[in-house]
Amino acid sequence: MLENLFTNIAGLLRNLLDSAGVPPLWNDVTLLVVKLVAILVFILINALWLVLMERKVAGYMQARIGPNRVGPWGLLQTTCDIGKLISKEIPIPKSADKILFLLAPALVFVPPLMIFAAIPFGKDMVALDLNIGLFYVFALASLTTIIFWMGGWGSNNKYSLLGSMRVVAQMVSYELPMILSVLGVIMLVGSMNLTEIIAAQQNMWFIVTQPIAFLIFFIAAVAECNRTPFDLVEGESEIINGPYTEYGGMGFAMFFLAEYASIMIISAMATTIFLGGWLAPFGLTFIPSWLWFFLKMYVLIFVVMWFRWTFPRIRVDQLMGFGWKILVPLSLANVFVTGIGMYIYRAIGW
Amino acid sequence: MLRTETYTMNFGPQHPATHGVFQVVLTLDGEKIVKAEPVCGYLHRGIEKLAESRTYQQVIPYTDRMDYLASMLQNWGYVMAVEKLMGLEVPERAEYLRVISGELSRLASHVLATGVYALDVGGFTGFLLCFRERERMMDLLEELTGSRMTFSYARFGGVADDAPEGWLEKLDKLMDDMPGYIDEYDGLITGNEIFQARTKQVGGLSPETAIDYSLSGPVLRGSGINYDLRKAKPYSIYDRFDFEVPVGKNGDCFDRYFCRVREMRQSVRIIKQAIEQIKEIDGPIKGKVPKALKPPKGDAYAEIESSKGILGFYVVSDGTNKPHRVHVRRPSFINLGYLDEMSRGWLIADLVAILGSIDIVLGEVDC
């Protein structure tokens, strides 16, 4: 019952539209729109909840309680925060490039939404089952760079400019090890379809067969979403708030929530590629598949938060050095070793 | 035709990492610092000038407002200069209370410096962990003096009040816990790979330069010079305690930071010994001091080792009940003198690390 909760809802909707005499094409379109809206709502609400989770995690790590005033256990705190931020004016600096400045926070949620459309949340729960899913996801993930750059450039502030320069440099240098690390998985599966990647992990998660790839992927992914220890883009003790320095009100809130949306994305991607996606481990199939997916995702999100509240910030040149001198060669070596391994396996005829 | 040029950036006065209202006008080449010009004075209140129109006693609260993170030591320095001027005797118990409260204040200041340094290089948890212990110290100091930051505890010829009942035991308990807490800082902050990468070999300061620029405190000792007034010219009763002066080796940010961490352990040692010794001493906490304080004509200079460095008070008396001139040698201000050269060629992120490792308090810099 719970297992097929969402697929049943979708099926019900389809039947309803069918019986109302809607032509099949319109039926499909409506269903897709419904799915995308559901994902959008999910991302927004989840981002809100993640802000609270972060504050609670930070609180408990730092011998304090965290927000506990608004709602039970502080559950409504972030909702109220966003409510407050919506009611605020968005100040536009006089010398700013108005179009870019306002466009950036509006666009910042587009890549997360588009990526989530292709990620399988559970059994038969994928809005868009693309056969180049992985390629699509990576291509869109790097799109965020441009949006941050737009915000930083449009602000016409030296701190913002420095921040956005850092964004571009950081994202470009960490995209490479991230994609190269996944190459090993693609070689093993022989497909870029996310559903097939999950299916290939039926017996063994790729974190076991590709542990180094997982490490590289996760480190590079943390850098991709600008989290500590790679939060140079914001680096509040250096460049105040990087590209978001000039933003106030909802403009700021959008960037802020987008950060959590991108944490969700990298965790969802790591779950799909390395942790078996919605597959239940140890045959614990009585827990619905989508719940497994979220469990794994939240564990990874917690790890990312754990990083944030433990590590100091790395320096720009060290960041570049780490990316190009350690992660890229390591991920290339991983591809090489995977290739040799596959060849040997085939030779012994497994 | 492509060309590059340097640009200026105002680092502060409204900036999260300048430890107050401090400005550095940076000339940058990309992110690299070509020139860093410190601009201070945003918090200038003219304390030295104000002192000239106040009676000697009335100046004590002003000294609190200079280094408000270790104001116990500021009171002590000023009071010592006036005592020297008048030739006042301080009872033994008062000396012990001064050492205990002064070291506790130093501890509180160093704990904050450690935490803020963690925050400066991007680690937020270290900052709040340090606040956890600082809170206990603040509670104790509040119990002793009635105030959490501006203590005004020292008086001419003694201290304001004796320790309340059970206070020394509570302090002893905290001192027992403190080494464990410092181990925690070492684990979370000092031992962190990224922290070390950020601070080691950054912002080097050679021993010769440190002396030439008259730097003092952990900044000087981080460069490998063993000069702590408590050991070099023992004032008060510091010759009665057994403690070491931690010294760095390379004179980089990490050494300056680590000097402070190790100094905390020494402060704990001093307080432990002082608590042990004060138990046997009973007596007044204030010497015989005339009601109307009129020091004889002349001048006196007294210096103590504050948490930031050598804190000197120069007091000139013209025979009236108001000082003719009070001048303060403020270690934070003098330690800032080398900031420009120290940060040239480093990145903006390093400037934050360097500034944090000097550990300035703007109240003292601007006076």
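Assorted remarks:
- Between the range A:82-96 and the range B:311-338, the alpha-carbon center distance in angstrom: 48
- Radius 10 Å from Cβ of A:Ser155, net charge of other residues (Lys, Arg +1; Asp, Glu -1): -1
- Table column - 3J(HN,Hα) (Hz), the range A:76-89, Karplus curve with 6.51, -1.76, 1.60, x for Gly and Pro: 9, 3, 6, 4, 5, 4, 5, x, 5, 5, 5, 6, 8, 6
- Cα centroid separation, the range B:159-187 to the range A:22-52 (Å): 57
- If you take the alpha carbon atoms of the range A:166-230 and fit the smallest convex hull around them, that volume is 87 Å³ per residue.
- Inter-chain shielding of B:352-362 (mean C-beta neighbours from other protein chains, 10 Å cut-off): 1
- Amide H to amide H, with H built 1.01 Å from N, B:Gln23 comes under 5 Å of B:Val39, counting only residues 5 or more places away or on other chains.
- Efficiency of FRET between A:Ile287 and A:Leu75 - r from beta-carbon atoms, R0 25 angstrom, step 0.05: 0.55
- Cα centroid separation, the range B:237-286 to the range A:260-289 (Å): 54
- Residue-averaged beta-carbon neighbours from other chains (10 angstrom radius) around A:301-311: 2
- Sorted by Cβ density within 10 Å, fewest first, the residues B:Met264, B:Met178, B:Met66, B:Met1: B:Met1, B:Met178, B:Met264, B:Met66
- Rounded to 0.05, the FRET efficiency of the A:Asn15 and A:Glu196 pair, given R0 = 35 Å and the Cβ-Cβ distance, is 0.80.
- Close amide H pairs (under 5 Å, H built 1.01 Å from N) link B:Gly158 with B:Gly287, residues at least 5 positions away or on another chain.
- Å³ per residue enclosed by the Cα convex hull of the range B:107-189: 94
- Amide H to amide H, with H built 1.01 Å from N, B:Asp299 comes under 5 Å of B:Ser317, counting only residues 5 or more places away or on other chains.
- When the charge dipole of the range A:95-348 is built from unit charges on Cβ atoms (+1 for Lys and Arg, -1 for Asp and Glu) and taken about the Cα centre, the candidate among A:Val304, A:Leu107, A:Ile344 whose Cα reaches farthest toward its positive end is A:Ile344.
- Size descriptors for the range A:26-170: radius of gyration and Dmax over Cα atoms are 18.6, 55 Å.
- Taken residue by residue and averaged, Cβ atoms of other chains lying within 10 Å of the Cβ of A:233-245 number 4.
- Ordered by the number of other Cβ atoms lying within 10 Å of each residue's own Cβ, fewest first, B:Tyr213, A:Tyr244 fall into the sequence B:Tyr213, A:Tyr244.
- When shorter helices are ignored and each DSSP H run of at least 4 residues is given -39500 (n - 2.57), the per-residue value for chain B at 222 nm works out to -14500 deg cm²/dmol.
- Only Lys, Arg, Asp and Glu carry charge here, each on its Cβ (+1 for the first two, -1 for the last two); on that basis chain B has a dipole of about 920 debye about its Cα centre.
- Quotient of C-alpha Rg and 2.2 N^0.38 Å, computed over the protein assembly as shown: 1.15
- Charge tally in the Cβ shell below 9 Å around A:Asp231, where Lys, Arg are +1 and Asp, Glu are -1, A:Asp231 excluded: +1
- Net charge of Cβ neighbours under 13 Å - reference B:Phe124; Lys, Arg +1; Asp, Glu -1: 0
- 3J(HN,Hα) from dihedral phi, the range A:36-42, Karplus parametrisation 6.51/-1.76/1.60, rounded to Hz, x for glycine, proline: 5, 4, 4, 5, 4, 4, 4
- As an equivalent ellipsoid, chain A spans semi-axes of 32, 28, 20 angstrom, where each value is the square root of five times an eigenvalue of the C-alpha gyration tensor, largest first.
- Excluding same-chain neighbours fewer than eight residues apart, the aspartates and glutamates reachable from B:Lys35 by a Cα-Cα span under 16 Å are B:Glu5, B:Asp340, B:Glu341, B:Asp350.
- Rel. contact order, % - alpha carbon contacts under 8 angstrom, at least six apart, chain B: 27
We did not get these values from a lab; they are worked out from the coordinates using the rules stated. The shown structure was predicted, so the numbers you read here are calculated from the model rather than taken from an experiment. Cβ atoms come from the backbone with ideal geometry, glycine included; neighbour counts cover every protein chain shown.
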